[in-house]
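Visitor: Structure in structure tokens, see below.
The values are calculated or read from the model by the stated rules, or taken from the named source; none is laboratory data. As the structure is a computational prediction, the values presented were derived from the model and not from experiment. In this analysis, Cβ positions are derived from the backbone assuming ideal geometry, glycine residues included, and neighbour counts consider all displayed protein chains.
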Protein chains: 2
Amino acid sequence: MDRRKFVSALGLGLGAAALAGCGQDEKPAASDNNAAGEKKAEALKWDLVTTWPKNYPGLGTGANRFAERVNAMSGGRLTVKVHGAGELVPATEVFDAVRSGSAQMGHSTPYYWKGKHPAMPFFTTIPFGLTAWEMNGWLNFGGGQELWEELYEPFNLQPLACGNSGTQMAGWFNKEINSVDDLKGLKIRMPGLAGEVIKRLGAIPVQMPGGEVFTSLQTGALDAADWVGPYNDLAFGLYKVVKYYYYPGWQEPGSALEVIINKDAWNSLPQDLQHIVRSAAEAENQHILDEFTARNADALKQLVNEHGVQLRRLPDDVLMALKDTSDQVIEEVIAGDELSRRIYESIVAFRDASMPYQEVAEQALLNSRTLVLKDA
Amino acid sequence: MDRRKFVSALGLGLGAAALAGCGQDEKPAASDNNAAGEKKAEALKWDLVTTWPKNYPGLGTGANRFAERVNAMSGGRLTVKVHGAGELVPATEVFDAVRSGSAQMGHSTPYYWKGKHPAMPFFTTIPFGLTAWEMNGWLNFGGGQELWEELYEPFNLQPLACGNSGTQMAGWFNKEINSVDDLKGLKIRMPGLAGEVIKRLGAIPVQMPGGEVFTSLQTGALDAADWVGPYNDLAFGLYKVVKYYYYPGWQEPGSALEVIINKDAWNSLPQDLQHIVRSAAEAENQHILDEFTARNADALKQLVNEHGVQLRRLPDDVLMALKDTSDQVIEEVIAGDELSRRIYESIVAFRDASMPYQEVAEQALLNSRTLVLKDA
């Protein structure tokens, strides 16, 4: 794990590197390609820029598989080349590079673009919000996709869901958290809205690129850090300096990834290639979650059994305080923006309808499974 | 809802209708199509036969969307036509129709084919086994797909996952179940392995086509019935005659659906069309679950709020007894069959590795969400 890579690759909002190397001259041959099946299409070569390092486990590997699907299904009529963060453009510039058409596609997660619109993070996840399968249910059968397209339309982008990390962890802590008071004064690496939430509970949120987290925990510059989940956290080595690994990931119940496509490039595609890109994204949407499901399980076992990591659940009163404070913060975010409110309320309505069902379905099954297998 | 349709369509193992109307003369133009991109392929017309009635909610609609994906992505080079149960062949004959090549594809669920091999049901679900996302994790990152292909190879079939119903319900009961003793003497419509499990606990499993369940519950010929989940159960009207709706679906934690493809037809496809079929199945695999996730939530709300259905959780001691008995029944199923044992043990190993992770991830999140939102 080359930590320096992360400084530029995942230091979103901090890495100030200029847009570089994005002068691609492949353009989709628009007018020639609109009549699929009637006319021989020219081979298209597209660039896909990502906010993760090339081949980064779970995220970069998913981007690679998405591209391979498109390339294989199109029989070479559309070839997508994946560029890791910093190769064509830095991570922070992915959205604008695709918006402007200097790259045709990006693989990322919406909350990185919260500077563009306050509702962006809602398409990644919201505190105590939707699980991965509920997010997909909302997008495809609850009006979510239509709202997403409405949000991205002014940016000249077509969004498609392409991956989910599943429920993340609450983070690594250098001491036990037994009450809300224990959060006070703690310097916690926690980005975005969740950072604002813990700030109101007395903690000190620190915005810090991934690459600095390990050393900062070691020196005491940080007391705690939210990274991703067992698979990525194990590779990152955080267990070497802190032992308390808290759950559940109240701040990221199921973080969705996106493929974004320049709308002019998208509109220039013949219908069959549009369908190929859509199904490739949807197939990979599940496949990325599959990778996290399998690898997180293996990694957690290693963290606990080989590295002595202590799993701890956030106490009820802390969870309640996080929920109430999250609601306040989000209410401020959506105040005065009609679209943000509409999106947020649509997600909450879906969750509130889904919750009673989950309580008798997946959730009940998982709890029963724990019951009968633990006692076995 | 035409209940008579179900008698033939879902009365697997009972509907004795002969193979009918399956003399298709479209054959894949094998040798001409192996060089994708080098040679203009002839348009292929394939038949997909299903074990569900045409357009059946969640299942038939998923089969339709799978076919539409293939048709759209291939730009008409491969056209898949969906036939509901009984149209070309009865539900019971789907496996053999595809095996023999009289239809090129089927959409079904593996447990219907338990007469072909004892391990078949394991690829649908096992009691207290994998959730939908764990099943996909196992198939794609836990060796499951390779085992599935090994199992189907002698039958000349290529299997692909294509849909999941999510966790089902335990079933409809005409009285409360407060202990294992309450199961004794109950006539319960419950197919397959789960039927054998409840038999050993004193109940009387009844194999019965879906179409007869409603009337049998009404007349008292049945005391209880397992159907699917809220979405399909609401449409089926069972709430009109029984009020206790039990969870969790211990017998079907996440029931997987399959696309099966005749191996000769599969091998005759050019590479790009094979990739199109694979990604279409994987995209639809998630999309079918999305439909159940959204629709089950809405249907459960209607069942409880509008139809007075009483939700009940199976007591702990009943769940424990179901688990122990399931283990015994499965041990007998796999005894003496090396492949069955290898498949079952692979699933159990994946579940046992996944469980501690789920307990701090999805499961913990769902329980925390209930906590903070119920008290809100």
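Visitor: For the range B:304-320: of the residues being surrounded by fewer than 20 Cβ atoms within 10 Å (Cβ to Cβ) and farther than 19 Å from residue B:129 by Cα, which is nearest to the other protein chains (Cβ to nearest Cβ)?
Guide: Here the answer is B:311.
Visitor: Pick from the range A:62-90 the residues that are without any contact (Cβ under 8 Å) to a residue 12 or more places away in the chain and closer than 16 Å to residue A:282 by Cβ: which of them is surrounded by the most Cβ atoms within 10 Å (Cβ to Cβ)?
Guide: The initial filter retains those residues of the range A:62-90 that are without any contact (Cβ under 8 Å) to a residue 12 or more places away in the chain, namely A:68, A:71-72, A:75.
Okay, now just the ones that are also closer than 16 Å to residue A:282 by Cβ, so A:68, A:72.
Working: A:68: 15, A:72: 19.
Residue satisfying both the conditions and the ranking: A:72.
Visitor: Going through A:63, A:72, A:67 one at a time, which residue ends up being modelled with pLDDT of 95 or more, away from chain B (no Cβ under 12 Å), touching a His at 6+ places or on another chain (Cβ under 8 Å) and not in a loop (DSSP other than H, G, I, E, B)?
Guide: Working: A:72 fails: away from chain B (no Cβ under 12 Å); A:67 fails: touching a His at 6+ places or on another chain (Cβ under 8 Å).
So the residue among A:63, A:72, A:67 that is modelled with pLDDT of 95 or more, away from chain B (no Cβ under 12 Å), touching a His at 6+ places or on another chain (Cβ under 8 Å) and not in a loop (DSSP other than H, G, I, E, B) is A:63.
Visitor: Scan (1) of a type in the set (Asp, Glu); (2) within 20 Å of residue B:74 (Cβ to Cβ); (3) touching a residue at least 60 places away in the same chain (Cβ under 8 Å) for the single condition residue A:93 breaks and write down its number.
Guide: (2)
Visitor: Also: So is residue A:167 at the interface with chain B (Cβ under 9 Å from one of its Cβ atoms), touching a residue at least 24 places away in the same chain (Cβ under 8 Å) and not acidic (Asp, Glu) or not? Before the answer, list the steps.
Guide: Numbers: at the interface with chain B (Cβ under 9 Å from one of its Cβ atoms): yes; touching a residue at least 24 places away in the same chain (Cβ under 8 Å): yes; not acidic (Asp, Glu): yes.
So residue A:167 passes the test.
Visitor: Now, a different point. Quick one: in the range A:191-236, which of the residues that are polar (S, T, N, Q) and touching a residue at least 60 places away in the same chain (Cβ under 8 Å) is farthest from residue B:355 (Cα to Cα)?
Guide: So in the range A:191-236, the residues polar (S, T, N, Q) come out as A:207, A:215-216, A:218-219, A:232.
Adding the requirement that they be touching a residue at least 60 places away in the same chain (Cβ under 8 Å) leaves A:207, A:232.
Details: A:207: 33, A:232: 19 Å.
Filtering first and then ranking leaves A:207.
Visitor: Let me ask another. Can you confirm whether residue A:98 is touching a residue at least 60 places away in the same chain (Cβ under 8 Å), β-branched (Val, Ile, Thr) and buried (at least 24 other Cβ atoms within 10 Å of the Cβ)?
Guide: Numbers: touching a residue at least 60 places away in the same chain (Cβ under 8 Å): yes; β-branched (Val, Ile, Thr): yes; buried (at least 24 other Cβ atoms within 10 Å of the Cβ): yes.
Taking the combined requirement at face value, the residue satisfies it.
Visitor: In the range A:97-136, how many are under 24 Å from residue A:319 (Cβ atoms) and within 14 Å of chain B (Cβ to nearest Cβ)?
Guide: 11
Visitor: Among what's in the range B:131-151 and is in contact with a His (Cβ under 9 Å, 6 or more places away or on another chain) and touching a residue at least 40 places away in the same chain (Cβ under 8 Å), pick the residue that is farthest from residue B:104 (Cα to Cα).
Guide: B:136
Visitor: Which number in (1) assigned to a loop (DSSP other than H, G, I, E, B); (2) without any contact (Cβ under 8 Å) to a residue 24 or more places away in the chain marks the one condition that residue B:116 misses?
Guide: Residue B:116 satisfies every listed condition except (2).
Visitor: Based on what the data block shows, is residue A:148 touching a Gly at 6+ places or on another chain (Cβ under 9 Å), outside any loop (DSSP other than H, G, I, E, B) and under 25 Å from residue B:283 (Cβ atoms)? Step through it out loud before you land on a result.
Guide: Working: touching a Gly at 6+ places or on another chain (Cβ under 9 Å): no; outside any loop (DSSP other than H, G, I, E, B): yes; under 25 Å from residue B:283 (Cβ atoms): yes.
So residue A:148 does not fit the description; no.
Visitor: Limited to the range B:322-357, what total is found for residues that are closer than 28 Å to residue B:179 by Cα, in contact (Cβ under 8 Å) with a residue 60 or more places away in the chain and not hydrophobic (A, V, I, L, M, F, W, C)?
Guide: Residues meeting the conditions: 5.
Visitor: Please specify each residue of the range B:350-376 satisfying the condition of being touching a Gly at 6+ places or on another chain (Cβ under 8 Å) and assigned to a helix (DSSP H, G or I). Lay out the reasoning, then the answer.
Guide: Filtering the range B:350-376 for residues touching a Gly at 6+ places or on another chain (Cβ under 8 Å) gives B:350-351, B:354, B:361-362, B:365.
Passing the criteria: B:350, B:351, B:354, B:362, B:365.
Visitor: Now a separate question. With B:299, B:353 as the choices, which residue is within 9 Å of chain A (Cβ to nearest Cβ), surrounded by fewer than 23 Cβ atoms within 10 Å (Cβ to Cβ) and touching a Pro at 6+ places or on another chain (Cβ under 6 Å)? Give the derivation first.
Guide: Numbers: B:353 fails: touching a Pro at 6+ places or on another chain (Cβ under 6 Å).
Residue meeting the stated conditions: B:299.
Visitor: So if I check each of A:312, A:278, which one is of a type in the set (D, E, K, R) and within 20 Å of residue A:246 (Cα to Cα)? I'd like the intermediate steps shown before the answer.
Guide: Working: A:278 fails: within 20 Å of residue A:246 (Cα to Cα).
After applying the criteria, what remains is A:312.
Visitor: Out of (1) surrounded by fewer than 18 Cβ atoms within 10 Å (Cβ to Cβ); (2) within 25 Å of residue A:284 (Cα to Cα); (3) within 7 Å of chain A (Cβ to nearest Cβ), the odd one out for residue B:365 is which?
Guide: Exception for residue B:365: condition (1).
Visitor: Every residue in the range B:248-293 that is at the interface with chain A (Cβ under 7 Å from one of its Cβ atoms), part of a helix (DSSP H, G or I) and within 24 Å of residue B:126 (Cα to Cα), please.
Guide: Across the range B:248-293, the qualifying residues are B:282, B:283, B:285, B:286, B:287, B:289, B:290, B:291, B:293.
Visitor: State whether one or more residues within the range B:155-167 are at pLDDT 95 or above, surrounded by fewer than 21 Cβ atoms within 10 Å (Cβ to Cβ), out of contact with any strand residue (DSSP E or B) (no Cβ under 8 Å at 6 or more places or on another chain) and not assigned by TED's automatic domain parsing to the domain that holds residue B:223.
Guide: Yes, that holds for at least one residue.
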